[in-house]
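Asker: Quick one: structure below, then a few questions.
The values are calculated or read from the model by the stated rules, or taken from the named source; none is laboratory data. Here the structure is a predicted model, which is why all the values come from computation and not from measurement. When we count neighbours, we look across all protein chains shown, and the Cβ atoms used for this are built from the backbone with ideal geometry, even at glycine. Side chains are part of the model used for accessible areas, which takes the heavy atoms of the whole protein and leaves out ligands, DNA and RNA. Shrake-Rupley method; radii C 1.70, N 1.55, O 1.52, S 1.80 Å.
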Amino acid sequence: MIEIKNLYKKFGKLTVLEELNLTISKGGIFAILGPNGSGKTTLIKSILGMIIPNKGEIAIDGENILRKWKYRNNLNYLPQVANFPSNLSVKELIEMVKNLRPKKANSQELIDLFGLPPFMNKKLGNLSGGTKQKVNLVLTFMFDSDLIILDEPTTGLDPIALIHLKELISKEKAKGKTILVTTHIMSFVDEMADEIVFLLDGKIYFKGSVDALKKQTDQENLEHAIANLIEKQYQTATSK
Amino acid sequence: MLKILKYSIYDLLRSRWSYVYFIFYLMLSFSLFFLNSDIDKAIITLMNVIVVLTPLIGTIFGVMYYYSSKEFTELLLAQPIKRSKIFMGQYIGISLSLTLSLVLGVGIPFVIYGLFKSAAVFDFTLLLVVGAFLNFIFVALAYNIALSINNKIKGFGYAILMWLTFAVIYDAVFMGLLIHYNDYPLDKFTLIATMLNPIDLSRILILLKLDASALLGYTGAFLQSFYGTNMGLIVSLSALSMWIVLPILRMSSKLKKKDF
């Protein structure tokens, strides 16, 4: 479904993605993991067309997407920071985003699910971080798209909202959607992800199932398995 | 693009600052018309304020809007919309809402004092047109700066410096040159130098229409002979338009390469 070939990106002198190759098949939850600065966000934003790579190709369903914009109609994105125009109300914002896309949205169901009805007429500037994140989730999940990209979706959510989020993700997966998630919460990955894509120094260091990762690193616990991967890198970095 | 434009205007029209700006112009014009029986003088005073203040407010609003709506812009960038349309929508939205504050703030007192029937209508319209141009020019320049500089504080600093350059420093250097090369014919130099600064260009355009050029001596007469004609008006309005077009072109080329 997503095919990335020789993706190369540098910011100034810093090379973030180095000849990255990745194929993501259709359907399932893919966790994109890696230490800070490993290129997770750059990778995601390249797929979204927000970052323009120096070299390489990205194709979705066999079609090149670089410098295109129409393909985004079949893609939902949850940004990491939920910051909206403070003068608009929740309702207006949802209407606006609906207006921007030529497709149907089922926002009401999600609004009820996250308990947002009392906030609908409140200005976005007056909402708490967690409530903003819920609005953010409504905006992301209200469209029916084949590809869903979530950047740190759990930030600021209370336990009930978190359960709802997990249910929502599972539901989308059951419909055959492809979901890319970045997160630092390993329990979330352990519970949800079908496959892990581990980035290190702008390259894919590991790609496979959670079990395969545990086996490869000889660890029972995912958190330790990931720590093990990062540690190896630290050791090679210091011995260089 | 129209959808983005609609919402950024909607957002700005509900911001407190749009009203502060509107009320400022309202009070200023009311008091000027109240205190001054001479409309020409009132217009000159208004011009002096507009020519310096609209660029400043345009610059500040431009950079402020860009930086404060950064995350929201990212959300828009992930929607199926062309990049250039998002930014053009925002840019026109800011410029239009500022122009609306100006036109209403100055226009309402003008209409209430029944000046529509006076001969000053043309000068007054020119003042508003020039004010609108300055809004569009300086918001475009501010957006250019904000797009090029990721650091908010730095961007703000450069934007203010840009305004200061056009409003004060440029004139100081210009004056210095005029005095230093006093012995040479400076007509053409003066003409070109005024074209290169939108604030100066606007000021001269209005002053000359108000027949105040007699105060400017020989150069004034020369400038009058150029700007005072219809040809001069067309040329200077085109120069002002270039001040909008060029920054927009740079903006769109910058956008093609920019990472968010």
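Asker: Could you look at the protein assembly as shown and say what percent of its accessible area is carbon and sulfur, using a 1.4 Å probe and all protein chains? Don't skip to the answer; put the middle values down first.
Answerer: On the way: 14160 of 23180 Å².
Carbon plus sulfur share of accessible area: 61 percent.
Asker: If amide hydrogens are placed 1.01 Å from N in the peptide plane, which non-local residues have theirs closer than 5 Å to the one on residue A:66?
Answerer: It is A:58, by chain and number.
Asker: Do the sum for chain B: with -39,500 (n - 2.57) for every DSSP H run of n ≥ 4, divided by all residues, what is the mean residue ellipticity at 222 nm, to the nearest 500 deg cm²/dmol?
Answerer: Values: 12 runs with 212 residues, N = 260.
So the helix-based figure for chain B works out to -27500 deg cm²/dmol.
Asker: Quick one: order B:37, A:86, B:15 from most to least accessible surface, probe 1.4 Å.
Answerer: On the way: B:37 115, A:86 65, B:15 15 Å².
Per-residue accessible area, sorted high to low, gives B:37, A:86, B:15.
Asker: Need the per-residue list for segment B:1-42: every residue with at least 20 Å² less accessible surface in the complex of protein chains than in the chain by itself, probe 1.4 Å, sorted by number.
Answerer: When all protein chains are present, B:3, B:7, B:10, B:11, B:14 each give up 20 Å² or more of accessible surface.
Asker: So which of A:173/A:214; B:152/B:188; A:68/A:173; A:134/A:214; A:207/B:254; A:232/B:70 end up more than 30 Å apart, counting from Cα to Cα? Show your work: numbers first, answer last.
Answerer: Values: A:173/A:214 23 Å; B:152/B:188 40 Å; A:68/A:173 26 Å; A:134/A:214 33 Å; A:207/B:254 36 Å; A:232/B:70 37 Å.
The pairs that break the limit, which is 30 Å between Cα atoms, are B:152/B:188; A:134/A:214; A:207/B:254; A:232/B:70.
Asker: Sticking with this structure for a sec: For segment B:85-97, what does the Karplus curve 6.51 cos²θ - 1.76 cosθ + 1.60, with θ = phi - 60°, yield as ³J(HN,Hα) per residue in whole Hz, taken in order and with x for Gly and Pro?
Answerer: My calculation for segment B:85-97 gives 5, 4, 6, 5, x, 5, 4, 5, x, 5, 4, 5, 5 Hz in order.
Asker: How big is the accessible area of residue B:260 in square angstrom, nearest 10, if you roll a 1.4 angstrom probe over the protein chains?
Answerer: 30 Å²
Asker: For the pairing of chain B with chain A, what total accessible surface becomes buried, with a 1.4 angstrom probe, in square angstrom to the nearest 100?
Answerer: Working: alone 13450 and 12430 Å², together 23180 Å².
Approximately 2700 Å² gets buried when B meets A.
Asker: May I pose another question? Using the heavy atoms of the protein chains alone and a 1.4 angstrom probe, what is the accessible area of segment B:2-257 per residue in square angstrom? Walk me through the intermediate numbers first.
Answerer: Values: 11880 Å² over 256 residues.
Computed with neighbouring chains in place, this is 46 Å² per residue.
Asker: On to the next question. Would you mind classifying segment A:1-104 by shape? Square roots of the alpha carbon gyration tensor eigenvalues, ordered a ≥ b ≥ c; an a/c under 1.5 is rounded, otherwise it is prolate if a/b is larger than b/c and oblate if not. It would help to have the intermediate numbers written out before the result.
Answerer: Details: a/c = 2.03, a/b = 1.52, b/c = 1.34.
Note, shape of segment A:1-104 comes out prolate.
Asker: Rounded to the nearest 500, what is the 222 nm mean residue ellipticity of chain A from helices alone, with -39500 (n - 2.57) per DSSP H run of 4+ residues and division by all residues?
Answerer: Working: 8 runs with 89 residues, N = 240.
Helices in chain A give a 222 nm mean residue ellipticity of -11500 deg cm²/dmol.
Asker: For segment A:111-124, just list the computed ³J(HN,Hα) in residue order, Karplus coefficients 6.51, -1.76 and 1.60, θ = phi - 60°, integers in Hz, with x standing in for Gly and Pro.
Answerer: 4, 5, 4, 8, x, 8, x, x, 9, 4, 9, 7, 5, 4
Asker: Okay, moving on. Put A:144, B:259 in order of accessible area, largest first, 1.4 Å probe: what do you get?
Answerer: Values: A:144 100, B:259 40 Å².
Reading off the accessible areas and sorting them downward yields A:144, B:259.
Asker: Which of the three applies to segment B:2-257, rounded, prolate or oblate, going by the alpha-carbon gyration tensor with a ≥ b ≥ c and a/c under 1.5 meaning rounded?
Answerer: oblate
Asker: Any aspartates and glutamates with Cα under 18 Å of the residue B:258 Cα? List them, leaving off those in the same chain fewer than 8 positions away.
Answerer: Correct list for residue B:258: A:57, B:71, B:74.
Asker: So, one more: Tabulate in residue order the Karplus-calculated ³J(HN,Hα) for segment B:37-52, using 6.51 cos²θ - 1.76 cosθ + 1.60 with θ = phi - 60°, rounded to whole Hz; enter x for Gly and Pro.
Answerer: Those phi angles translate into 7, 8, 5, 4, 5, 4, 5, 5, 4, 4, 4, 4, 6, 4, 5, 9 Hz.
Asker: If the reach is capped at under 15 angstrom between alpha carbons, list the aspartates and glutamates near residue A:98, excluding any in the same chain fewer than eight residues apart.
Answerer: Output for residue A:98: A:109, A:144.
Asker: Related question: Could you pull out every residue, at least 5 positions away or on a different chain, whose amide H is within less than 5 Å of the one on residue A:206? Hs are placed 1.01 Å off N in the peptide plane, and Pro or chain starts have none.
Answerer: For residue A:206, whose amide H was placed from the backbone, the distant partners under 5 Å are A:198.
Asker: Here's something else I'd like to know. May I ask you to compute the full-extension gain from residue B:82 to residue B:17, defined as 0.36 nm times their residue separation minus their alpha-carbon distance, rounded to one decimal in nm?
Answerer: Working: separation 65, 0.36 × 65 = 23.40 nm, distance 2.93 nm.
So the chain would gain 20.5 nm between residue B:82 and residue B:17.
Asker: Taking a probe of 1.4 Å, how large is the accessible area per residue of segment A:2-239, in Å²? Please report the intermediate quantities before stating the final value.
Answerer: Values: 10900 Å² over 238 residues.
Per residue, segment A:2-239 has 46 Å² of solvent-accessible surface.
Asker: How much of the DSSP bridge set in the protein assembly as shown is antiparallel, in percent, rounded to the nearest 5?
Answerer: Working: 21 of 39 bridges.
Bridges in the protein assembly as shown are about 55 percent antiparallel.
Asker: Compute the separation of the alpha-carbon centres of segment B:1-79 and segment B:163-182 and state it in Å as a whole number.
Answerer: 27 Å
Asker: Further question: Would you grab the residues whose amide H sits under 5 Å from the one on residue A:76? Only those 5+ places off in sequence or on another chain, please, with H modelled 1.01 Å from N.
Answerer: A:147, A:148, A:149
Asker: Hey, what angle do you get for helix B:230-257 against the long axis of chain B, alpha-carbon based, 0 to 90 degrees rounded to 10?
Answerer: Taking Cα atoms only, the helix is inclined about 20 degrees.
Asker: Using a loss threshold of 50 Å², tell me which positions in segment A:36-77 are less accessible in the complex than in their chain alone. Probe radius 1.4 Å, ligands and nucleic acids ignored.
Answerer: Those residues are A:50, A:52, A:69, A:72.
Asker: Residues in segment A:158-182 near a label at residue A:106, defined as backbone nitrogen under 16 Å from the 7 Å Cα→Cβ point?
Answerer: Backbone N within reach: A:165, A:167-177.
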